[in-house]
1. As an exercise: evaluate I109 against (1) at pLDDT 95 or above; (2) hydrophobic (A, V, I, L, M, F, W, C); (3) more than 14 Å from the chain's Cα centre (by Cα); (4) farther than 18 Å from A4 by Cβ and give the number of the one condition it does not meet.
2. Residues in the stretch 43-57: is at least one over 12 Å from the mean Cα position of the chain (by Cα) and either closer than 23 Å to L125 by Cα or crowded, with 20+ Cβ neighbours inside 10 Å (or both)?
3. Are there any strands (runs of 3 or more DSSP E) wholly within the stretch 1-72 with 3 or more residues that are closer than 18 Å to E100 by Cβ, and if so which?
4. From the list G130, G76, exactly one residue is surrounded by fewer than 15 Cβ atoms within 10 Å (Cβ to Cβ), outside any strand (DSSP E or B), touching a residue at least 24 places away in the same chain (Cβ under 8 Å) and out of contact with any helix residue (DSSP H, G or I) (no Cβ under 7 Å at 6 or more places or on another chain). Which is it?
5. Return only the number of the condition from (1) closer than 15 Å to K32 by Cβ; (2) in contact with a Ser or Thr (Cβ under 8 Å, 6 or more places away or on another chain) that P115 does not satisfy.
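The values are calculated or read from the model by the stated rules, or taken from the named source; none is laboratory data. In this text, all values refer to a predicted model and were calculated from it rather than measured experimentally. Backbone-built Cβ (ideal geometry, glycine too); neighbour counts: all protein chains shown.
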Amino acid sequence: MTRASCLCGGVKIRAKLQPNTASHCHCQMCRKQHGAAFGSYINVARDELQYEQGEALLVTYRSSDIASRVFCGRCGSTLLFVDHERPEILGLALGVLDEEPGSAPVQHIFYSDRPAWSGPYDDGLPKYDGDTGL
């Protein structure tokens, strides 16, 4: 089990990460949620994620018809991405992990949505114009 926490330390999570499922998402919503060129998430089965503390601090925002985002209501840290079509799999934001995940991102998704200012990424990972369902 991997530990994760928000910036203020109010929310603490333990989760069993699914290896080789991490993605960098360049869609506009992920960029806005993360305040960065892309958001990075790794998959976790919902029943393999436990809150050690701070569950009452969680805020859920329905960002579209198909997804919600979960963040800490105290510090604003992005924590989870919830796909309503696959609610049993959560995307845990890589930036909140307290330890190395054991596997690196394997793809860029919504790559064609990236802004011109972010430039190209020549990291050798495959790039897709949409979601791959990983």
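1. (3)
2. No, that holds for no residue.
3. Values: elements: 2-5, 12-17, 23-25, 39-53, 58-62, 67-72.
In the stretch 1-72, the matching strands (runs of 3 or more DSSP E) lie at 2-5, 12-17, 39-53.
4. Values: G130 fails: touching a residue at least 24 places away in the same chain (Cβ under 8 Å).
The conditions single out G76.
5. (2)
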